[in-house]
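Report on the following structure.
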Amino acid sequence: QVIQKSSNVGTAKVALRLPSQALWNIFSGVGFGTQPQSGFPGEVSGRLRAHEKWRPIEQATMSYGHGISVSLLQLARAYTIFSAEGVLMPATLLKRTDKVEGKRVISRETAEAVRKMLEMAVQAGGTAPRAQIAAPAAPRRRAGAGRRPCRPAPARGRAGCDRAADDTDPRTRGAPRR
């Protein structure tokens, strides 16, 4: 239910059970803190501090996306490990015809378990039911979600994250979508 309900508290509790190096290894393994090497100019590595410097509060908040800086390409690439059975593939924005080798980041079983959890978020009772894929594509396609919508930092000021507007949530009903 932690992923299905997008629970920051649950995510933090799980993260704090792990040694900081284990969490850092996962982040680093999916490419956070290094350039994606897609071949496009302007790539950045983002920010992933050394785990030895983390305090418990930082470890907790990094587990749900705060205190870590990644590009959209890095984040999208990281999520592909769940559909590629735990293998991280090289990032590219071009069609490739040659065989591409990836590297195993997590076990096939772990990737499948997390994929099923992400799929629960788009089902009834999850936080993103409108992300379901409608028939006739549904038998061939699968959808999953992990919600933490954020807005980029303005020229001066700080970036921030809000709950997305959700017509079923009285706290955000009618709020602008981000």
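The values are calculated or read from the model by the stated rules, or taken from the named source; none is laboratory data. From a predicted model like this one, the values you see are computed outputs, not experimental measurements. Because the Cβ atoms are built from the backbone with ideal geometry, glycine has one as well, and the counts that use them run over all protein chains shown. These area figures cover heavy atoms from the full protein model, side chains too; ligands, DNA and RNA do not enter into them. Shrake-Rupley method; radii C 1.70, N 1.55, O 1.52, S 1.80 Å.
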For this session: Return yes or no: is Leu75 under 24 Å from Pro90 (Cα atoms) and touching a residue at least 40 places away in the same chain (Cβ under 8 Å)?
Result: no
For this session: Look through Gly65, Gly39, Gly31 and report the one residue that is at pLDDT below 90, open to solvent by less than 50 Å² (accessible area, probe 1.4 Å), in a loop (DSSP other than H, G, I, E, B) and not polar (S, T, N, Q).
Result: Gly65
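Of Ala111, Ala91, which residue is surrounded by 14 or more Cβ atoms within 10 Å (Cβ to Cβ) and touching an Asp or Glu at 6+ places or on another chain (Cβ under 6 Å)?
Values: Ala91 fails: touching an Asp or Glu at 6+ places or on another chain (Cβ under 6 Å).
Answer to the check: Ala111.
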Exercise. Scanning for something of a type outside the set (Lys, Arg), part of a helix (DSSP H, G or I) and under 15 Å from the mean Cα position of the chain (by Cα), does the range 50-57 turn up at least one residue?
Worked result: no
For this session: Considering only the range 74-114, state which residues are basic (Lys, Arg) and in a helix (DSSP H, G or I).
Result: Arg77, Arg108
For this session: Tell me, yes or no, whether the range 115-132 has at least one residue that is modelled with pLDDT of 85 or more, closer than 20 Å to Leu75 by Cα and open to solvent by less than 60 Å² (accessible area, probe 1.4 Å).
Result: yes
Exercise. Here are Pro36, Pro19, Pro56: which of them is free of Cβ contacts under 8 Å to residues at least 12 places away in the same chain and over 23 Å from Gly126 (Cα atoms)?
Worked result: Pro19
Problem set entry | Checklist (1) surrounded by 11 or more Cβ atoms within 10 Å (Cβ to Cβ); (2) more than 17 Å from the chain's Cα centre (by Cα); (3) at pLDDT below 70 applied to Arg158, failing item | (1)
